[in-house]
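Everything on this sheet refers to the single structure shown next.
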Number of protein chains: 2
Amino acid sequence: MKRLALISSLNLLWIPLMAQTGQLTGFKAQHQTAQYALEKEFDAGLSKEHIGELIKELSSAPHHLGSPRGKVVAGLILNQFKSYGWDAKIETYYVLFPTPKTRSLNLLSPVTYTAVLEEQQIAADPATSQKGQLPPYNAWGADGNVTAGLIFVNYGLPEDYEKLERLGIDVKGKIVIAKYGHSWRGVKPKIAYEHGAIGCLIYSDPKDDGFVKGDTYPAGAFKPEYAVQRGSVMDMVIYPGDPLTPGAGATKGAKRLTKEEAQTILKIPVQPISYHDAQPLLAALKGPVAPAEWSGGLPVTYHVGDGAATVRLNLAFNWDIVPAYNVIARMKGSKYPNEWILRGNHHDAWVNGAADPISGLAALLEEAKSIGLLAKKGIRPQRTLVYAAWDGEEPSLLGSTEWAEDHAAELNQKAVAYINSDGNGRGFLEAGGSHALENMISEVAHAVNDPQANVSIFDRKIAAEAVAATSAKAKQTAMGKKVLDISALGTGSDYSAFLQHLGIPSLNLGFGGEDEGGEYHTNFDSYDNYIKFKDPGFNYGLALSQTAGRAVLRLANADVLPFNFENLQAKIAKYLTEVTDLDTQLRANAKANNQLLNAGLYKLAADPQENLKEPKPKTELPVIDYAGLKTASDTLKSSAAKLNQAIVAGLENIRQPEKLNVLLYQAEKQLLSTAGLPKRPWYKHTIYAPGFYTGYGVKTLPGIREGLEQYQAEEVKQQLVVLTESILNLSAELNKAAALVK
Amino acid sequence: MKRLALISSLNLLWIPLMAQTGQLTGFKAQHQTAQYALEKEFDAGLSKEHIGELIKELSSAPHHLGSPRGKVVAGLILNQFKSYGWDAKIETYYVLFPTPKTRSLNLLSPVTYTAVLEEQQIAADPATSQKGQLPPYNAWGADGNVTAGLIFVNYGLPEDYEKLERLGIDVKGKIVIAKYGHSWRGVKPKIAYEHGAIGCLIYSDPKDDGFVKGDTYPAGAFKPEYAVQRGSVMDMVIYPGDPLTPGAGATKGAKRLTKEEAQTILKIPVQPISYHDAQPLLAALKGPVAPAEWSGGLPVTYHVGDGAATVRLNLAFNWDIVPAYNVIARMKGSKYPNEWILRGNHHDAWVNGAADPISGLAALLEEAKSIGLLAKKGIRPQRTLVYAAWDGEEPSLLGSTEWAEDHAAELNQKAVAYINSDGNGRGFLEAGGSHALENMISEVAHAVNDPQANVSIFDRKIAAEAVAATSAKAKQTAMGKKVLDISALGTGSDYSAFLQHLGIPSLNLGFGGEDEGGEYHTNFDSYDNYIKFKDPGFNYGLALSQTAGRAVLRLANADVLPFNFENLQAKIAKYLTEVTDLDTQLRANAKANNQLLNAGLYKLAADPQENLKEPKPKTELPVIDYAGLKTASDTLKSSAAKLNQAIVAGLENIRQPEKLNVLLYQAEKQLLSTAGLPKRPWYKHTIYAPGFYTGYGVKTLPGIREGLEQYQAEEVKQQLVVLTESILNLSAELNKAAALVK
């Protein structure tokens, strides 16, 4: 906040200003002043110019997992931490990582076309023509040389295949072409395979990510015609990390599955292509005109295909075991050395990765620098800080997952929270994670100044929400907010092992919304692009350091850890309403659908010239009783409220703060299911999971929600028991904590 | 209905079949059998092959208003009517009609381009290269030679200009380019002019009407790159018809305004162009990237423009007075010769007009043929039938409006109802008009067989509604319908003078929804196109004859005219709920908008790099009291119900049927406002009007709804008085009618 600068000279204003700069929950009154002073000092140690220098250096060359430059980058980061006074080392894991050996794609009929499969070198941006780039590919698709008819499947979502079925189009034995977007890329080939496809192409349509969105690079930020989004297609909703060592660290001597045994490696070849390469393929398709909402921005009529247009896709990979270099830096806590505040951001990139991941990593390093300066002045954190720069995030969270699995026992004891970032840009705070930390991060957001507006990042975020709200009521609700609504986390960055496997309260932080562009996982995610389109002046790099750094330092120094389970319960209650609404809606929709079917109305309404098939009858779900879950949620509400009241009342005089804090930071583990989620035991969190068919996209109360979506009533009932029990366990744990305070 | 064929052989099934084939409201029991028999006979006289022959002949050459072929077509129609045994004549009016003299459009900077402004001759369709075509133009734009910077205004709607204002773009002194669609074309240049633009281009974007929708002609039905939609841009929401003779027939000696006095001729030049011509213009624009939802299907980044791209538009017209040949055919009623059932469809086309208007006209002629055959057998209608083929509809309802104005006094006495059509195609019944006729046309729809499905057109329409409904509840509501929800009418075809100026109960009928294409007002609205894409086999031509013919014959022969004012009142009550909801919503939105403004949130939320301006403060409306209107609506409900009950109870023994029927068919006139609507006294109907800023699109309860939309509280209050009075007058009239029955 601008006004913070006034504090020292205007002590009279201290109390009202504190209210404006946010509360400091969990700090005794006499410690608040010190914490505010520390944070001011922390801010003073941050330099946006230095953040810029770090971004420039660390993104100066391609540095993917296993590359020579990747190793150099890890070393540079190690040296930075050391130079800041941290106890840093590299922890290496040995992970499977496929890189391309053969890549070719040909249209064979009705006309021939050979796909370029290379990005363009852009004269205005020398980074685009550097040596050492991985060419466009999707990691974890299968080796294969397949020739088949081509079918356009829109975004390749389950509902797209329902439409195809109604159109009478079967992808069995075919190669599909799907647009990037609306689901994580990895679920597109997975769903294609489940429907019998033998190959999968994924392209960025200019309507979603190209000239339709805005001017293309280098004139604008959007994707030019030859650019391709690389990326992992591992089936990471089963488990992320090294496919050969699920649940265990991929140490040198670890027991490994064979590649064939690994569940998360796909069974069909997958290749990402540019819209330049997609256009002749799409233009060659005949068969039904694609449904209106499937059309993209290319100047062709989008058809679904009838199998007559044939393509050959030939892919082979080097399936090497490569070292993943995690850089781990520690600063030992002065008071509670066995309580760890974890903070991480990956360092590997698909190419140069100025935005993804270096912009987030540079902010993290800058926090470490400033915290190091504080330490040199004798102001050490009370809890131990563990700062991590992960390797191998891009091929599906390899570095962080292996490290978390390897250190699971210690983390279970010591990890208070994990705070993640993964790139950064201009705009608004985007925060997601454990809702027990919602209040804490909101307080932080009240205390950080927005670089472009003379208000806090909290106020600017609320302004954006109020303006974006589509009803007068929603606008007023947004305006009245005192606490941010942070999102729930699916997957897609390094928090997954911490949050969803180990139950460590986690946050994912970053700024964005005014940094839109098409550079993601391309050769123009470069420094030149970054300073022009993502965060000119590195102002939001600084804001990220201030935000994540404050979160770390408040968690490190709080007398009572600032978890607020009332926020968590409120979200659980909201999700419960969502799933019961979903239950009602699925039931009503199934009934209506079946009535229409029985009355023959789908046939009557269909254009006989289009030969549209009737939808299938829908399962009418048996009655499912949510009363027990509702009661558990209410019980949790009461426990959480009592605990908060007890802490507020007793804060100045806690009898066993250490015991209380351990209870608080381990409470979220009560929400883990021992057996894990159906079909994917690695994911144990009963509240948050990546969607089985959405990938990155979160499914809250996943056992129940996905059971309903898939009409698996027995699974829903069984998961209701698990969830109810875990919520009651959490409630009991909070009661224990409350008892400690009294 | 297929089952109708069984009736003669299975008399035992007569009664249940009647229920299935629809009721015959207004017919005494002993007359129903005769009417069913008559309708069966009427059906037998219809021939889809003959409909096809008529379409082929009448669309064989360009035949716009004032063209040599137009006169020939009128003569051919006259001869058809005469050959069917009707008393037919041509009634000629003398109307202003601009045709192009000079048309040129040039991009002058940053690069030069000369627009083609001509449609392509398509080898597969010889009609596209015939002589006598009017080139692409918009009638009623001004003469002018203007040079100015070009601005892209999306669809040119009022809200588009609000967005432009927020983007800091002023169209004053500029030429605008707008996409066809989302409003009637004529309101685009009108709104542009109100904002200070000096010229207007309108083009069909391929996303709305071109290759994005489907394959282009002749491979598919959609608009190829050089095709252009012609059309009127007269300000017909003020008044339609001849601009020089508002409110009076344009007879040879009529008193005429000067062209300069005519309110409905636009003040700026307007030219429609193809997407081939639009692309270089759009590609030349710089300035802000257009809002995402403005983007079309051309392979360019859509920018709004900054005025640097300059175009010259040079247009001049021949402002000639030309004859409009209305063909009017009568068949005198056997019992009530002074009660007229009117039926019309225009005959003029922009080019060949196989679909628009000839497909509708051919169905009308086929009805006349079959009714003529019945008459020859001695089965004459009890009321007089007036069948009309209007000229000059395309340049804004010239023929029908001048005829209606000229014959207003007689029509006020004699016109029972007007049934319009305007082209036809494959698909579902689309019916709109006076809701007092909703029940009648629903009964007709129950009695007509769908050519593609073995059910009535009613059942198929309901099936489509149920399938299209987006919620389970809406699906079930649709499935339960016994009466169609017919739409309210704005303008855009020949019913306007009858319905909205004279208060004659009107219907507009046609089939469509499976005949999508881009031929509208182009050179490929041809017979070849029609038989391939619009209604192969002319099955729906036959269905239109059966539907409109039944409506005519039931109105002609009913003992008590089948008006049902309960349907009308239900719709008035619905519209009343809509406007009070609108009132609530505008009030809440204004309040929320102003709160956000006062709190500075728009500024905070905006991207400072985009320089987005704050929206303007919104007027907070004073309290408006709708209670009187609500009471009037309830009063009408009660009167309408009593009248229906009285008619049902007394049908077999009506004392003064003629007096009752006059009251019934003149009742809708009570809904006319003597003063007409604000700013446009020609439009007198208080329930239905074209939108002042939507054109064709209807505004129901227009005085109130548009007053609210424009934040004119005093106008709303004044119009509330007018509307309330008119509804109470209608109620009183229905009471009179009910009293006659008892």
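Structural remarks
- Of all residues in region B:439-491, none satisfies the criterion of being among the aliphatic types (A, V, I, L, M), within 26 Å of A:Ala590 (Cβ to Cβ) and more than 10 Å from every other protein chain (Cβ to nearest Cβ).
- Looking only at residues of region A:301-338 that are among the β-branched types (Val, Ile, Thr) and surrounded by 20 or more Cβ atoms within 10 Å (Cβ to Cβ), we find that the one that is farthest from the other protein chains (Cβ to nearest Cβ) is A:Val322.
- Checking each residue of region A:339-353 against the condition of being acidic (Asp, Glu) and either surrounded by 24 or more Cβ atoms within 10 Å (Cβ to Cβ) or part of a strand (DSSP E or B) (or both) gives at least one match.
- Every residue from region A:531-552 that is over 17 Å from A:Ala431 (Cα atoms) and either in contact with a Lys or Arg (Cβ under 9 Å, 6 or more places away or on another chain) or of a type in the set (A, V, I, L, M) (or both): A:Ile531, A:Phe533, A:Lys534, A:Asp535, A:Pro536, A:Gly537, A:Phe538, A:Asn539
- Residue check, B:Thr674 among the β-branched types (Val, Ile, Thr) and either buried (at least 18 other Cβ atoms within 10 Å of the Cβ) or within 19 Å of B:Thr584 (Cβ to Cβ) (or both): no
- Residues considered: B:Leu604, B:Leu663, B:Leu636, B:Leu612. Of these, the only one that is part of a helix (DSSP H, G or I), within 11 Å of chain A (Cβ to nearest Cβ) and touching a helix residue (DSSP H, G or I) at 6+ places or on another chain (Cβ under 7 Å) is B:Leu604.
- Condition check for B:Glu658 on (1) away from chain A (no Cβ under 14 Å); (2) within 27 Å of A:Thr477 (Cα to Cα): one failure, at (2).
- Criterion applied to B:Ser295, B:Ser232 was being among the polar types (S, T, N, Q), within 14 Å of chain A (Cβ to nearest Cβ) and closer than 21 Å to B:Ile191 by Cα, and the one residue passing it is B:Ser295.
- Filtered residues of region B:709-718 (kept if under 17 Å from B:Asp581 (Cα atoms), over 24 Å from the mean Cα position of the chain (by Cα) and part of a helix (DSSP H, G or I)): B:Ala713, B:Val716, B:Lys717
- A search for C-beta distances below 6 Å between a residue of region B:510-523 that is surrounded by 24 or more Cβ atoms within 10 Å (Cβ to Cβ) and any residue that is of a type in the set (Val, Ile, Thr) and modelled with pLDDT of 95 or more, counting only pairs 6+ apart in sequence or on different chains, returns B:Asn523/B:Thr128; B:Asn523/B:Val351.
- Verdict on B:Leu576 being aliphatic (A, V, I, L, M), over 26 Å from B:Asp391 (Cα atoms) and not in a helix (DSSP H, G or I): no
- Meets criteria (crowded, with 18+ Cβ neighbours inside 10 Å, more than 12 Å from every other protein chain (Cβ to nearest Cβ) and either in contact with a Pro (Cβ under 9 Å, 6 or more places away or on another chain) or part of a helix (DSSP H, G or I) (or both)) for A:Asn644: yes
- Residue in region B:395-420 that is farthest from B:Ile238 (Cα to Cα), counting only those that are surrounded by fewer than 24 Cβ atoms within 10 Å (Cβ to Cβ) and among the small types (Gly, Ala, Ser): B:Ala409
- Among the criteria (1) within 21 Å of B:Gln719 (Cβ to Cβ); (2) outside the structural domain of B:Glu714 (by TED's automatic domain parsing), the one B:Ile624 does not fulfil is (2).
- For region A:268-290, a residue qualifies if it is within 11 Å of chain B (Cβ to nearest Cβ) and either surrounded by fewer than 19 Cβ atoms within 10 Å (Cβ to Cβ) or touching a residue at least 24 places away in the same chain (Cβ under 8 Å) (or both), and the qualifying residues are A:Tyr275, A:Ala283, A:Lys286, A:Pro288, A:Ala290.
- All conditions but one from (1) in contact (Cβ under 8 Å) with a residue 24 or more places away in the chain; (2) farther than 30 Å from B:Phe524 by Cα; (3) surrounded by fewer than 20 Cβ atoms within 10 Å (Cβ to Cβ) apply to B:His182; the one that does not is (2).
- Of the residues contained in region A:512-530, none is found to be closer than 20 Å to A:Ala453 by Cβ, at pLDDT 95 or above, out of contact with any Phe, Trp or Tyr (no Cβ under 9 Å at 6 or more places or on another chain) and not in a loop (DSSP other than H, G, I, E, B).
- Helices (runs of 4 or more DSSP H) enclosed by region B:26-143 - at least 2 residues per element that are over 24 Å from B:Leu555 (Cα atoms): B:48-58, B:68-83
- Residue under evaluation A:Arg312, criteria (1) in a strand (DSSP E or B); (2) under 29 Å from the mean Cα position of the chain (by Cα); (3) of a type in the set (D, E, K, R), criterion not met: (2)
- Single residue of region A:210-223 satisfying the filter (more than 10 Å from every other protein chain (Cβ to nearest Cβ) and surrounded by fewer than 24 Cβ atoms within 10 Å (Cβ to Cβ)) that is farthest from B:Ser295 (Cα to Cα): A:Pro218
The values are calculated or read from the model by the stated rules, or taken from the named source; none is laboratory data. In this text, all values refer to a predicted model and were calculated from it rather than measured experimentally. Glycine also receives a Cβ, built like all others from the backbone with ideal geometry; neighbour counts cover every protein chain displayed.
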